[in-house]
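Q: This is the structure I want to talk about, given as structure tokens.
The values are calculated or read from the model by the stated rules, or taken from the named source; none is laboratory data. Keep in mind that what you see is a predicted model, and the values were worked out from it rather than measured. Counting neighbours? That spans all protein chains shown, and the Cβs are built from the backbone with ideal geometry, glycine included. The area values use the complete protein model at the heavy-atom level, side chains included, leaving out ligands, DNA and RNA. Shrake-Rupley method; radii C 1.70, N 1.55, O 1.52, S 1.80 Å.
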Amino acid sequence: MPKVSEEHRTARRTEIAGAALRCFARKGFQATSMADIIAESGLSAGAIYGHYKSKEQLIELAIADVLDGRFLDLADARRHQPIPDPGAVVGMLVHGIEGQIGTLSLLVQVWGQVVVDPKLHPLMSSIGTRVRTMLTAYLTDWYATALGHDPEKAAELAARYAPLYVGIVQGYVVQSTIFADFDRSAYLAAASGIRPS
């Protein structure tokens, strides 16, 4: 039997994760079964279980893939001069997530599932830490280059304000999902106007 290349394995995992995300978006995380994901992907059960052992592992790796894409986006944004303001970065993050998973409502469903499924707590805690770390690095650069703080003060402010920006991203996701009259542009403009004291 020929060896399967790492590129092929990565492409197959991405294909399976895409099928899972479509199912989660359509039926909800809780109502989606592995059988649904298998049917959506058009692959055999063996092909799916050869890459993912459970629905929880699938969502963990799919979210990690989405976050990796956002890390790359943010690293690229930090190299631009002038560095984008926080509202632009929040917009870049949520639009990137939405483009990759199709609908922000999927995140709300996953967050809701964490409340009732203790197995997901470590995953969400790990993701929260990664997002805070990512935003802290960006804010350190923003406060130093755009607002003129010395590096030590910029790092201190970034550590203090990063959790706020995590909440701003989450607020955007929730409000855009549940409020028909949510003004995305005004929300992002307000995020840009926050200045540390």
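Q: Roughly how far apart, in whole Å, are the Cα centres of the range 167-182 and the range 52-100?
A: Centre-to-centre (Cα) distance: 17 Å.
Q: In the chain, what percent of the accessible surface is made up of carbon and sulfur (1.4 Å probe, ligands and nucleic acids excluded)?
A: The computed percentage sits at 58.
Q: Starting from the Cα of THR14, step 7 Å toward the Cβ, then list every residue of the range 85-100 with an amide N under 14 Å from that point.
A: Within reach of a label on THR14, which here means backbone N under 14 Å from a point 7 Å along Cα→Cβ, the range 85-100 contributes 100.
Q: Could I ask something else about it? Counting only the heavy atoms of the protein chains, how much of PHE71 is accessible to a 1.4 Å probe, in Å² to the nearest 10?
A: Probe radius 1.4 Å; accessible area of PHE71 about 60 Å².
Q: Once the dipole of the chain is set up with Lys and Arg at +1 and Asp and Glu at -1 on Cβ about the Cα centre, which of ALA186, ILE59, GLN175 lies farthest towards its positive end?
A: Checked the options; the winner is ILE59.
Q: Next question, about the same structure. What's the local net charge at ALA19, with K and R +1, D and E -1, over the other residues with C-beta under 13 Å away?
A: Counting the neighbours of ALA19, the net charge comes to +3.
Q: Ordering VAL108, VAL66 from largest to smallest accessible area (1.4 angstrom probe), what's the sequence?
A: VAL108, VAL66
Q: ³J(HN,Hα) across the range 12-25 via Karplus (A = 6.51, B = -1.76, C = 1.60, θ = phi - 60°), whole Hz, x for Gly/Pro?
A: Whole-Hz 3J(HN,Hα) from phi for the range 12-25: 5, 4, 5, 4, 5, 4, x, 4, 5, 4, 5, 5, 4, 5.
Q: Can you give the three extents of the C-alpha atoms in the chain along their principal axes, from longest to shortest, in whole Å?
A: 59, 42, 28
Q: Taking the 0 to 90 degree range and rounding to the nearest ten, how far is the long axis of helix 151-178 tilted relative to the main principal axis of the chain, both from C-alpha atoms?
A: Value to nearest ten degrees: 50.
Q: For the chain, with every protein chain kept in place, what is the accessible area per residue (1.4 Å probe, Å²)?
A: 51
Q: A follow-up question, please. For ASP36, what is the net charge nearby, where nearby means another residue's Cβ is under 13 Å from its Cβ and Lys, Arg count +1, Asp, Glu -1?
A: +3
Q: Further question: Counting helices only, and only those DSSP H runs with n ≥ 4, report the 222 nm mean residue ellipticity of the chain as the sum of -39,500 (n - 2.57) divided by its residues, in deg cm²/dmol to the nearest 500.
A: After summing the helix terms and dividing by the residues of the chain, the value is -25500 deg cm²/dmol.
Q: Note down the nm distance, to one decimal, between modelled labels 7 Å out along Cα→Cβ at ALA35 and at SER192.
A: Placing both labels 7 Å along Cα→Cβ, they lie 5.1 nm apart.
Q: Over the chain, with a Gaussian network built from C-alpha contacts below 10 Å, which listed residue (ALA146, ALA155, ALA17) shows the highest mean-square fluctuation?
A: Top of the fluctuation ranking is ALA146.
Q: Continuing with the same structure: Between GLN100 and THR129, what is the label-to-label distance in nm when each label sits 7 Å out along the Cα-to-Cβ direction?
A: Output for this residue pair reads 1.9 nm.
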